[in-house]
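Here's the structure, in structure tokens; my notes come after.
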Amino acid sequence: MEGGGSLRLLYFFFRVWSRVCAATYGGEGVNVPLMFMPTQLIAPTLRRYGATIGQRVRFRSPLVIHNSESERRRFYQKLEVGDDCYFGRELFLDLQDQIVIEDQVTISHRVMILTHTDAGDSPLRDDFVPTTQGPVIIRKGAYVGANVTILQGVEIGESSIVGAGAVVTRSVPPGTVVAGVPARIVKALNQENVQRLA
């Protein structure tokens, strides 16, 4: 079979598998095929289930999406991704609230983007770990290193860098480098260079 025919067959297989999983388990069920799906099929699949995904966006599997909407065909409506973005392997997206990722963002491997905290039935819930949620916004040209955790309500500024392993608990100003747990500003990027990139 020619390359185009093989790709169409592969796309058909994953499309059917996604539909069966979605019909059986809802948006969380689509995680099963997203664990194995080839890069070129992930963005179209996310679009089919309500996400807004720009052009030339590459997701590497496995990808896990948590707290999807219950409305059929709109499971991922809280996910917006601009053009020319790259997402590394083992990305975890929590769609309890909105995630907005602008153009030309790179997110490395094993990144977690969390839009809520909920301690469930823990006795710590009311006094120590209150339930909170908020959107996460990653602005144009930002780079997020491997194994980063981004918490709810955070905005990563335009052309900023988040160092590998950081836990981002507060918003990051444009054109800065943050690192550590919790993430702290370690340097400001040369504004002339940042403006040239924009």
Open item on the list: I need the semi-axes of the equivalent ellipsoid of the range 47-113: take the C-alpha gyration tensor, multiply each eigenvalue by 5, square-root it, list largest first in whole angstrom.
Closed with: 18, 14, 10
TODO: Quick one: which residues, 5 or more positions from residue 172 or on another chain, have an amide H under 5 Å from its amide H? H modelled 1.01 Å from N in the peptide plane, none for Pro or chain starts.
DONE: 155, 156, 157
Task: Cα long-axis angle, helix 3-25 against the chain (0 to 90 degrees, to the nearest 10) - done: 80
Open item on the list: Can you compute the charge dipole magnitude of the chain about its Cα centre, using +1 on each Lys and Arg Cβ and -1 on each Asp and Glu Cβ, nothing else charged? Give it in debye, rounded to the nearest 20.
Closed with: 620
- [ ] Grab the beta carbon distance between residue 12 and residue 146, set R0 = 35 Å, and tell me the FRET efficiency rounded to 0.05.
- [x] 0.55
TODO: Could you run the Karplus curve 6.51 cos²θ - 1.76 cosθ + 1.60 with θ = phi - 60° over the range 133-140 and give me ³J(HN,Hα) per residue in whole Hz, x for Gly and Pro?
DONE: 8, x, x, 10, 10, 10, 7, 3
TODO: Take the solvent-accessible surface of the protein heavy atoms, probe 1.4 Å, and return the percent of it on the chain that carbon and sulfur atoms account for.
DONE: 53
Open item on the list: If you count only protein heavy atoms with a 1.4 Å probe, what accessible area per residue comes out for the chain, rounded to a whole Å²?
Closed with: 51
Task: Residue-averaged 222 nm ellipticity for the chain, from DSSP H runs of 4+ at -39500 (n - 2.57), nearest 500 - done: -6500 deg cm²/dmol
Task: Bins of 10 Å from zero: percent of alpha-carbon pairs in the range 134-185 - done: 33, 63, 4
Open item on the list: Going by amide H atoms built from the backbone, whose H comes under 5 Å of the H on residue 54, apart from near neighbours?
Closed with: 81, 82
Open item on the list: So if I take the alpha carbon set of the chain, get Rg, then get Rh from the Kirkwood formula, what is the Rg over Rh ratio?
Closed with: 1.01
- [ ] Which order do the peptides 160-166, 171-177 take when ranked by the mean count of other beta-carbon atoms within 10 Å per residue, highest first?
- [x] 160-166, 171-177
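The values are calculated or read from the model by the stated rules, or taken from the named source; none is laboratory data. Keep in mind that this is a model prediction, so the values were computed, not measured. Positions of Cβ are generated from backbone atoms using ideal geometry, with glycine treated the same way; all protein chains shown enter the neighbour counts. Just the protein is used for accessible areas: all its heavy atoms, side chains included, with ligands, DNA and RNA removed. Shrake-Rupley method; radii C 1.70, N 1.55, O 1.52, S 1.80 Å.
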